[in-house]
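The values are calculated or read from the model by the stated rules, or taken from the named source; none is laboratory data. Owing to the predicted nature of the structure, the values given are computational and were not obtained by experimental measurement. We place every Cβ from the backbone using ideal geometry, glycine too, and count neighbours over all the protein chains shown.
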Amino acid sequence: MKDLNRDRQKVVKIFFLIAVLILLAKAAHIQLIDSSYRDKAQATAVNKNTIYPSRGLIFDRNGNLLINNNAMYDLKVTYNQLNPNMEVGKFCDLIDIEEEEYHKLINKDFSSKRYAKHKPFVFISKISADVYARLQEHLHEFPGFSTQLRNVRGYPFRNAPHVLGYLNEVNQDQIDKAPNEYSRGDYIGASGLELEYEKQLRGEKGVEYVLINNMGREVGPYNNGKLDTIPVSGNDLITTLDINLQSYGELLMQNKTGSIVAIEPATGEILAMVSTPNYDPNRLTINRARGDAFNELLQDTLKPFFDRSVMAKYPPGSIFKTVVSLVALQENISLANRGIVCNGGYFYKGGRWGCHEHTFPYNISVALQHSCNTYFFTLIRNIIDKEGFNNPSQGLSMFVNHLYDFGLGKPLGVDIPNELAGNVPTVEYYDKLYPKNKGSWKSPTVMSIGIGQGEIQMTTVQMANLAAIIANRGFYYPPHLAKNFVNEAVQIPIEYHTKKTVRIDKKHFVPVIEGMEKAVLAGTARIAQVKDISVCGKTGTSQNPHGKDHSVFFAFAPKDDPQIAIAVYVEHGIWGNSYAAPIASLMIENYLKDGEIDPSKRWVEERMLNANLIEAP
């Protein structure tokens, strides 16, 4: 029995001896060979590194890439990892900076909470791919420096800068409003579609947690990377734009101030939205030269940042006569076959408002064909005086309500920022403008709105939408620039698929459309004819008290199967048929004939391309 106990004790001692030897061997391995445990034991912090997603791409309606992502890099530095004997001159040559700038960038206020010597901070942001490639070959020579990939926007086409928009670095106010979404150094949509669809385009950032030792060096992933997340790319957007039509419109509008908006009537999809003068969007891609370019554009007296398609408020001129016609017919104030005598002008109490020479306007179509001012002064006065000469308020209020139906006097809701409402003069407006103690107002006081002058103001997109309403014989879809997202689960706002109807009987559009067709065939807009295509249009001349009058035109085509509605506004273009009508005609032909222009129209194209209407400041 005693021998058995001795044997057991011997076995236990051997077991413990083996266990001790294993533990000693493991300790020796950890202490002498594998430094990872020692490094992790010395870790004093966990760094949270952001992994930025690719922002959603943007395409035109035909699949052409309008905005892509280009690689850009932030150069970061951890101060206490720097080699005190590093070759500063060589480093500066690699990244194209002076040594004075190096010392300014490296020496931060480490007493503040913003910087710490053991934590990486951005030394230089937005270095180019070329500089990055050159630096990578020598980065091992400069401990403490590292790079972080960022994606910035690139523009394969130099078109549509107002529509597409640009990015900015977030400011503190934007961070405070969305602290879980943005942090210092992030980029955010600042204008155009980039801003309007920021939430869908930006994607979701990823995160990796890294253990950092007391020297600021990375030790390894925290918690084996279990808390890390991968970035989620933004949603790709397909726009309604036809980039070929857009670029052609910008070409025709070079050296001119104004705008073009073209819409697909059946859907409200904007085919082209041109505002000139404009700029190359690549100048505002995020790089180190961007600040100078931005300031230069901001100080340009021609205001290239000003989007005239949705922000400029213009008197529409004679294109507004179509609306006056429709309201007069709908309210039984006039008949389609009514003739009104015109003796070269409209006469009232010794005053004369001129009209150009034309044949007798024996119906409303002929009046539109020749744009008779007398006819539409008469009609607007009939509308306002519907309840009597001394009671203009009711007639004007009725007229204004119809204008609201047409989307006037309020933003249409186009999906880019800063769209303005134009102006519809109401009873309250005129009561304030003409106080009763100074004589008040009557229909002769305000009749200039009957020919699209005076207090009535529209944006170019409202004019194009008006053309779409007439083309559709009484309805429209709100004009918009987003067609759909590639990810079908992401939808564009439902209002862009919601039909809006005006309170005008369909039959009343017939004589108005006939008048617009006659204007192109044998009236004020003959220059707008397109071979083998029935174009319906109306010219306008918008009076300008500060210089040359403006050239206005809107149209749709083909007459019985409208595929494009368009408005063109050329500042200082004088007559509607001088510039706006031929430009619209060329745009229509370009779109409906797949970029082809009839040889007989080449002289018109050349004249538009070569015209310079930019007035000196």
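Please verify whether residue 386 is basic (Lys, Arg), over 35 Å from the mean Cα position of the chain (by Cα) and under 26 Å from residue 506 (Cα atoms), treating the condition exactly as stated. So that I can check it myself, show each step before the final result.
Values: basic (Lys, Arg): yes; over 35 Å from the mean Cα position of the chain (by Cα): yes; under 26 Å from residue 506 (Cα atoms): yes.
Answer is yes for this residue.
Among the residues that make up the range 102-114, is at least one of them free of Cβ contacts under 8 Å to residues at least 24 places away in the same chain and surrounded by 14 or more Cβ atoms within 10 Å (Cβ to Cβ)?
Yes, the range 102-114 contains at least one residue that is free of Cβ contacts under 8 Å to residues at least 24 places away in the same chain and surrounded by 14 or more Cβ atoms within 10 Å (Cβ to Cβ).
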Only one of these conditions is not met by residue 289: (1) at pLDDT below 90; (2) buried (at least 16 other Cβ atoms within 10 Å of the Cβ); (3) among the aliphatic types (A, V, I, L, M). Which number is it? (2)
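Of the residues that make up the range 478-498, is at least one farther than 19 Å from residue 315 by Cβ, more than 31 Å from the chain's Cα centre (by Cα), among the aliphatic types (A, V, I, L, M) and in a helix (DSSP H, G or I)? Walk me through how you get there before you give the answer.
Looking only at the range 478-498, we keep the residues that are farther than 19 Å from residue 315 by Cβ, and these are 478-498.
Now restrict to residues that are more than 31 Å from the chain's Cα centre (by Cα): none.
No, there is no match, as no residue in the range 478-498 is farther than 19 Å from residue 315 by Cβ, more than 31 Å from the chain's Cα centre (by Cα), among the aliphatic types (A, V, I, L, M) and in a helix (DSSP H, G or I).
Across the range 435-468, what is the number of residues that are exposed (fewer than 15 other Cβ atoms within 10 Å of the Cβ) and not polar (S, T, N, Q)?
Here is the first cut: in the range 435-468, the ones exposed (fewer than 15 other Cβ atoms within 10 Å of the Cβ) are 435-440.
Still in the running and not polar (S, T, N, Q): 435-436, 438-439.
Count: 4.
Matching residues to (1) more than 28 Å from residue 480 (Cα to Cα); (2) in a helix (DSSP H, G or I):
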{"position": "393", "(1), (2)": "yes, yes"}
{"position": "397", "(1), (2)": "yes, yes"}
{"position": "415", "(1), (2)": "no, no"}
{"position": "419", "(1), (2)": "no, no"}
{"position": "441", "(1), (2)": "yes, no"}
{"position": "455", "(1), (2)": "no, no"}
{"position": "461", "(1), (2)": "no, yes"}
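In this structure, does residue 94 turn out to be of a type outside the set (Gly, Ala, Ser), out of contact with any helix residue (DSSP H, G or I) (no Cβ under 8 Å at 6 or more places or on another chain) and over 29 Å from residue 221 (Cβ atoms)?
Details: of a type outside the set (Gly, Ala, Ser): yes; out of contact with any helix residue (DSSP H, G or I) (no Cβ under 8 Å at 6 or more places or on another chain): no; over 29 Å from residue 221 (Cβ atoms): yes.
Spelling it out, it is not the case that residue 94 is of a type outside the set (Gly, Ala, Ser), out of contact with any helix residue (DSSP H, G or I) (no Cβ under 8 Å at 6 or more places or on another chain) and over 29 Å from residue 221 (Cβ atoms).
Might you let me know whether the range 424-437 holds any residue that is closer than 24 Å to residue 555 by Cβ, in contact (Cβ under 8 Å) with a residue 12 or more places away in the chain, assigned by TED's automatic domain parsing to the domain that holds residue 493 and outside any helix (DSSP H, G or I)?
To start, the set of residues in the range 424-437 that are closer than 24 Å to residue 555 by Cβ comprises 424.
Among the residues that remain, those that are also in contact (Cβ under 8 Å) with a residue 12 or more places away in the chain are: 424.
Filter once more, so that each one left must be assigned by TED's automatic domain parsing to the domain that holds residue 493: 424.
Of the ones still in play, those that are also outside any helix (DSSP H, G or I) are 424.
For the range 424-437, residues closer than 24 Å to residue 555 by Cβ, in contact (Cβ under 8 Å) with a residue 12 or more places away in the chain, assigned by TED's automatic domain parsing to the domain that holds residue 493 and outside any helix (DSSP H, G or I): present.
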Members of the range 70-93 found to be outside any loop (DSSP other than H, G, I, E, B), within 41 Å of the chain's Cα centre (by Cα) and surrounded by 17 or more Cβ atoms within 10 Å (Cβ to Cβ), listed by number: 72, 73, 74, 75, 76, 77, 91
Matching option when the condition is in contact with an Asp or Glu (Cβ under 8 Å, 6 or more places away or on another chain), farther than 29 Å from residue 62 by Cα and modelled with pLDDT under 95, among 523, 540, 547: 547
Kindly provide the set of residues from the range 246-280 that are buried (at least 24 other Cβ atoms within 10 Å of the Cβ), touching a Pro at 6+ places or on another chain (Cβ under 8 Å) and of a type in the set (Val, Ile, Thr), ordered by number. 261, 263, 270
Select, from 310, 327, the only residue that is under 27 Å from residue 504 (Cβ atoms), modelled with pLDDT of 95 or more and part of a loop (DSSP other than H, G, I, E, B). 310
Quick check on my filter: what residues within the range 222-239 are touching a residue at least 24 places away in the same chain (Cβ under 8 Å) and in a helix (DSSP H, G or I)? 222
Would a scan of the range 550-560 turn up a residue that is over 18 Å from residue 458 (Cβ atoms), without any contact (Cβ under 8 Å) to a residue 40 or more places away in the chain and buried (at least 24 other Cβ atoms within 10 Å of the Cβ)? yes
Condition first: farther than 14 Å from residue 515 by Cα, β-branched (Val, Ile, Thr) and in contact with a Ser or Thr (Cβ under 9 Å, 6 or more places away or on another chain). Now tell me which residues in the range 326-369 satisfy that. 340, 341
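Residues checked against (1) farther than 28 Å from residue 308 by Cα; (2) of a type in the set (Ser, Thr, Tyr); (3) modelled with pLDDT of 95 or more:
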site	(1), (2), (3)
375	yes, yes, yes
379	yes, no, yes
398	yes, no, yes
401	no, no, yes
413	no, no, yes
419	no, no, yes
424	no, no, yes
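Please state which one of 216, 225, 189, 185 is modelled with pLDDT of 90 or more and not β-branched (Val, Ile, Thr).
Numbers: 216 fails: modelled with pLDDT of 90 or more; 225 fails: modelled with pLDDT of 90 or more; 185 fails: modelled with pLDDT of 90 or more.
Checking each option against the conditions leaves just 189.
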Give just the number: which of (1) farther than 30 Å from residue 255 by Cβ; (2) modelled with pLDDT of 95 or more; (3) surrounded by fewer than 22 Cβ atoms within 10 Å (Cβ to Cβ) does residue 359 not satisfy? (2)
The conditions are (1) touching a Leu at 6+ places or on another chain (Cβ under 9 Å); (2) farther than 23 Å from residue 449 by Cβ; (3) in contact (Cβ under 8 Å) with a residue 12 or more places away in the chain, and residue 597 fails exactly one of them. Which is it? (3)
Test set (1) surrounded by fewer than 19 Cβ atoms within 10 Å (Cβ to Cβ); (2) assigned by TED's automatic domain parsing to the domain that holds residue 457; (3) in a helix (DSSP H, G or I) - residue 295 fails condition number: (2)
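The rows are residues; the columns are (1) part of a strand (DSSP E or B); (2) over 15 Å from the mean Cα position of the chain (by Cα).
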| residue | (1), (2) |
| --- | --- |
| 241 | no, no |
| 246 | no, no |
| 266 | no, yes |
| 271 | yes, no |
| 274 | yes, no |
| 279 | no, no |
| 287 | no, yes |
Can you tell me which of 614, 566, 574 is surrounded by 22 or more Cβ atoms within 10 Å (Cβ to Cβ) and in contact (Cβ under 8 Å) with a residue 24 or more places away in the chain? 566
Tally time: how many residues in the range 154-185 are crowded, with 17+ Cβ neighbours inside 10 Å, out of contact with any Asp or Glu (no Cβ under 7 Å at 6 or more places or on another chain) and outside any helix (DSSP H, G or I)? 5
